[in-house]
Each structure stands twice: as structure tokens, then as C-alpha cells.
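Here's the structure we're looking at; comments come further down.
Only the coordinates and a few stated rules stand behind these numbers; no lab work does. Just so you know, these numbers come straight off a predicted model, no measurement behind them. Every residue, glycine as well, gets a Cβ built from its backbone with ideal geometry; the counts of neighbours run over all protein chains shown.
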Amino acid sequence: MTNSNQIAGGASPGKWLIAVTAVAFLLISGCGGDGTEPPAGAHAKDGGERGHGGKGGRSAPPAVAVAAKVPHRGTVSTYYTASASLDPKKEAEVVARISGMILELKAEEGDFVRKGDVLLQVDDREYRARLRQAQAGTARQKAQFERLQKMLAGDLISEEEFEGTGSDLKAAEADEDLASLQVSYTRVEAPFTGRVVRRFVDQGRMVVDGTPLYVVSDLSELLARVHVPSKEFRNIRTDQIVELRVDSSDDPLLGEIILISPIIDPATGTIKVTVRITEYPKSIRPGDFAEVRIVTDRHENVLLVRKTSIISEKGENVVYLAVDGIAERRVVEIGFQDDKYTEIVAGLSGDEAVVFQGQRSLRDEQPVKLLDEVTFETTEPGREES
């Protein structure tokens, strides 16, 4: 029968523990404990310090991913930018030209009306009665004139008596014309084709000569009036196309300069320029504010790089070139700029790969990795890339 203090096989617990300890010691010694093989942790650390084998044991800087393009030749312009409100092509306040009570409103705000359409009707009964009275007076004077004309032919009256009758007939005809005109004023008509944008009166109201009734606007075109400093006036001309961006819409607009004031405002030193917009979305209304961009000068056939390529460093304009996998810092002289491109006046020959993405993380002689092949810049200034 086996004793409970013994392990199966007959070994005592003390002897078994000594054996296990000896085996563990031999295993540790075989894994580098003698200094011939580094431990796993030490090996990983040493490999990380050596990296790419840089000078003095330092690792080489990592390659920065960049995108680059070769510059192109094109046109770049300078702009004068100002804000202006958009006004209708024409706008008129329609006022009453006689006194009376409004019998009927025939137009409401927002209605499209044509020239001559009736906007409202004023009570015309009194004015028509005056017209009939004037017409009767004219008929009476005309009959008198014709009767005396026959008498003059028969030498029954003198020339002086006949001339007086002629003057009376002309006065009666003038009274009739005035009465007829007043009757026409009871029909208030649209002065031109457009839309009713405001109504000031209601049916049944009494109006007098000069009372505002409506505002009618011609919205077939919109106008933007910009005051341009005289020093920016060199190349502005009529028929010139300008760009506009309206606060209430993300859609860009195009306008055309139609008027340039011949004088300079002495108080502001500016010249008024009127821009016409013939096509615009329905979401745009008169009264909207727009940013107007007018080309004031233009450079053609110049070397252009993307605007994002230019970095300002300590008062210098700098670009980075990708040359055989290495970044090269280059100081350049710039000219005109627009939203997308910058003119290079000096510093580039035109066949370098200029970095336009990732350049702000670069240092001179830093390794770079191109995201794509270097291509020639072919997009024209002012156009979006596909």
C-alpha cells in the first residue's frame, strides 16, 4: 500500500522540487542568460534604435506622402471685390392723379402685369359728368362758330366778331380734352411690363392726387451698382463679364458691365459701374446682396502653379519640389493670384514637379513619396477639375 506522503513512482516531494528547479535553471541559461543571445525584449529595442541605419545611430526621417504637378502657362487676373444690392431693371411708384374713392382693385402683390393693364378703378361718375358738360359746351361753340362763319361770308358781321368766336371754340375744346384726361386717370394703368411688388391702398379708400397706390418692378433683368476706386479703373470696360455670388444662393452668377460713369465722385474717389444680370435663378430676388468681382488687370501666358503650393516662411514665398524622392525647398517670386493659381515670376524654370499637397509637413531634403505620378497641370484657371 502506497504512503500518502509519496508521489506515484516513489519520489518524495522534496526530491521532486529540487529536480524541477534544476530544469528551469538550465532552460533560462540556454535562452541567453550567458550573454551570447539577447532576450526577446532587448532584441526588439535594439532593432528600433537602429531603424534605417542613420548617421550616429539615428533613424532616417520617414517619407512624407505628397502630390505634385508640373506648372503650366496660362492667364491670371486680379480682381476688385465689392458688395452691392441687386436692383430691378426698372421700378416705379404708381400714384393717384385725381381724387376719388377706389371702386375696384384689379392687381395684387406678385401679379404679372403688362404695360397698360388696369391696376385699380377710381369712381369716375363725377368726371364723366364733367366730360359730358364739356362736350356740350364744345358743340355749342362749334355751332356758333359755323353760324358766324356763314354770316362773315355774307358780309353780315365783321372779321373781329368772327375771330372772337374762334377763340371761344378753342377754349371749349381744351376744356373737353381736360375732362377726358381726368376720366382716363380714374383707370390706373401699369406704366410698363413687370410685377406688382407693393400695394398701398384698399378698396373703398378715398385717394387724392399724389397718393401712392402701387410699386411695379421690371424683373426681367437685375442691376448691381458698384463703386470702384479710380486707381482700379485701368482695364474696366463696358461689355466686360463679371462674377457675382449672392448671399441667398450658392450658385455663381455672371453679369455684364453696361454703364461706367464718366466722372469720379470727389467725395469717395470712386467711379460708379453698373452691372446687368440677365439670367438668374428664381430663388434670387431684388434686394439680395451680392459679392461682385471685377477683373482689373490680366497677365497672359505666364507660369502658374496651384495657389496651395505657396508657403510663406519668414517673409519669403517658398515652394517644395519633388526631386528623385527628396524634397527640395525653393524660394520663388510671385505675381498675380486668383482663387486657384499663382503666377511665378522667378524661381522656377517650368519643368519641376511642384508639391501642392502635403507640402506643409516638409523640410528641405526630407524623403517624399508621391501619391500619384507627376502630371502636367492642364486645368485652365477659373475652372473646376473633373
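Extension gain Ala143-Arg330, at 0.36 nm per residue separation less the Cα-Cα distance, in nm?
The Ala143-Arg330 span can extend by a further 57.0 nm.
So what are the ³J(HN,Hα) numbers for the range 259-276, from phi and the Karplus equation (6.51, -1.76, 1.60; θ = phi - 60°), rounded to whole Hz, Gly and Pro as x?
9, 10, 4, x, 10, 9, 5, x, 6, 10, x, 10, 10, 7, 10, 9, 10, 9
Modelled label-to-label distance, Leu259 and Leu103, 7 Å Cα→beta-carbon offset: nm?
Modelled inter-label distance: 4.0 nm.
Run down the aspartates and glutamates and flag those whose C-alpha is under 13 Å from the C-alpha of Lys272, throwing out any fewer than 8 positions away in its chain.
Glu232
Ordered by residue, what ³J(HN,Hα) values in Hz, to whole numbers, does the range 84-95 give under the Karplus form 6.51 cos²θ - 1.76 cosθ + 1.60, where θ = phi - 60° and Gly and Pro are x?
Computed from phi, the couplings for the range 84-95 are 8, 7, 8, 10, x, 4, 9, 8, 9, 8, 8, 10 Hz.
Under the 0.36 nm per residue contour assumption, what length would be gained going from the current alpha-carbon distance of Glu163 and Lys272 to full extension?
Here the segment from Glu163 to Lys272 would lengthen by 33.4 nm.
Hey, which of these cross-link pairs are over 32 Å Cα-Cα: Lys340/Lys369; Lys231/Lys340; Lys115/Lys142; Lys89/Lys307?
Lys115/Lys142; Lys89/Lys307
Suppose R0 equals 25 Å. What FRET efficiency, 1/(1 + (r/R0)^6) with r the Cβ-Cβ distance, do Asn301 and Lys231 give to the nearest 0.05?
Once rounded, the FRET efficiency stands at 0.45.
Distances over 26 Å make up what percent of all Cα-Cα pairs in the range 93-213?
The calculated P(r) of the range 93-213 puts 42 percent of pairs beyond 26 Å.
Could I have the simple spin-label model distance between Arg132 and Val345, label points 7 Å from Cα toward Cβ, reported in nm to one decimal?
Taking the simple label geometry, Arg132 and Val345 are separated by 8.6 nm.
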